[in-house]
Amino acid sequence: MSVTLYQFELCPFCHKVKAALDVKGIAYRKVEVNPMTKAELPELPAEAPKKVPVIECDGEVVFDSTTIMNYLEQRFSDEFALSPDEGGAARARSDEVEAWVDDTFAMALPTVIYGSWGEALKAAQVTARTSNFGLLHNVGVRAGGPMIMHQVAKRILKKNGKKNGHAWVAESLDRFEEWLGDEDFVGGAAVSMGDVAMHGAVSCVRDFPVFKEIMQRPRMAAWFTRVQALRLERSKLMS
């Protein structure tokens, strides 16, 4: 069996898929996709948008992070389960959180990694370092990338009626902690897709100052450490 993940390093949806692969203990090859040309992507179905994440499993191509997670859950059903029993409160909470990560938290993150000029410069450097750019294009990203990324952050804030990205992320973290409560995971005692989606999104910003802000919250830090330990334990199965 061969699994390949086509991804972009600063994409929270890609990190969400990586978290699912790790927790389920599925070995995979990672291909960094040039965000400008997308030349590395495999041939996609006609209805698929030309964007990451995409996985290819023994020649079968699957796109969209939620679709990929559900595919992995069904294809590798004998591995670590991430879906609580359907119809129960834990399943409803997991599905709610997973959708919220896509629709809200993943939208807020670019506003704190591109929001200031310093943050945008850092993001451009990460992009240039991890992407498949040629030398001249790499230099261009480092030079002009911060301006483009900063403008993207401003457009996201305006579109969502927000003025401050860090305040938006803080509100989002408050919401997640409400779901978490005093439990180990959002669905209770067992990790679920909701946890995996959120852990992936948070992992996306580990190179940025906002990660330190997240880890200064004791409840978030304890939850993140629990999921991270599980990812590391399960990913050892890949070796």
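The values are calculated or read from the model by the stated rules, or taken from the named source; none is laboratory data. Bear in mind the structure is a predicted one, so any value in this text is a computation, not a measurement. Note: ideal-geometry Cβ built from the backbone for every residue, glycine included; neighbour counts use all protein chains shown.
Residue check: is residue 31 under 25 Å from residue 80 (Cα atoms) and modelled with pLDDT of 95 or more? Before you say what the answer is, go through the steps one by one.
Values: under 25 Å from residue 80 (Cα atoms): yes; modelled with pLDDT of 95 or more: no.
When the stated conditions are applied, residue 31 does not pass them.
I'm checking my understanding of the structure. Among residues of the range 50-61 that are surrounded by 15 or more Cβ atoms within 10 Å (Cβ to Cβ) and either without any contact (Cβ under 8 Å) to a residue 24 or more places away in the chain or of a type in the set (S, T, N, Q) (or both), which one is farthest from residue 76 (Cα to Cα)?
Among those that are surrounded by 15 or more Cβ atoms within 10 Å (Cβ to Cβ) and either without any contact (Cβ under 8 Å) to a residue 24 or more places away in the chain or of a type in the set (S, T, N, Q) (or both), it is 51.
Could you please let me know if residue 46 is among the hydrophobic types (A, V, I, L, M, F, W, C) and at pLDDT below 95? Before the answer, list the steps.
On the way: among the hydrophobic types (A, V, I, L, M, F, W, C): yes; at pLDDT below 95: yes.
The answer is yes for residue 46.
Looking only at residues in the range 18-44 that are in contact with a helix residue (DSSP H, G or I) (Cβ under 6 Å, 6 or more places away or on another chain) and aliphatic (A, V, I, L, M), which one is nearest to residue 60 (Cα to Cα)?
Here the residue is 27.
Given (1) under 25 Å from residue 235 (Cβ atoms); (2) part of a loop (DSSP other than H, G, I, E, B), where does residue 44 come up short, assuming only one miss?
Evaluating residue 44 over (1) under 25 Å from residue 235 (Cβ atoms); (2) part of a loop (DSSP other than H, G, I, E, B) leaves (1) as the failure.
Identify, by number, the condition in (1) without any contact (Cβ under 8 Å) to a residue 24 or more places away in the chain; (2) buried (at least 19 other Cβ atoms within 10 Å of the Cβ) that residue 192 doesn't meet.
(1)
Checking the structure you have, find out if any residue of the range 198-217 is within 26 Å of residue 89 (Cα to Cα) and touching a strand residue (DSSP E or B) at 6+ places or on another chain (Cβ under 7 Å).
no
Could you tell me whether any residue of the range 29-49 is buried (at least 23 other Cβ atoms within 10 Å of the Cβ) and closer than 20 Å to residue 185 by Cβ?
If we filter the range 29-49 for residues that are buried (at least 23 other Cβ atoms within 10 Å of the Cβ), which is where we start, we get 33.
Restricting the remaining residues to those that are closer than 20 Å to residue 185 by Cβ gives none.
Within the range 29-49, none of the residues are buried (at least 23 other Cβ atoms within 10 Å of the Cβ) and closer than 20 Å to residue 185 by Cβ.
For the range 64-109, which residues satisfy the criterion of being surrounded by 19 or more Cβ atoms within 10 Å (Cβ to Cβ) and either touching a strand residue (DSSP E or B) at 6+ places or on another chain (Cβ under 6 Å) or hydroxyl-bearing (Ser, Thr, Tyr) (or both)?
Selection gives 65, 68, 90, 94.
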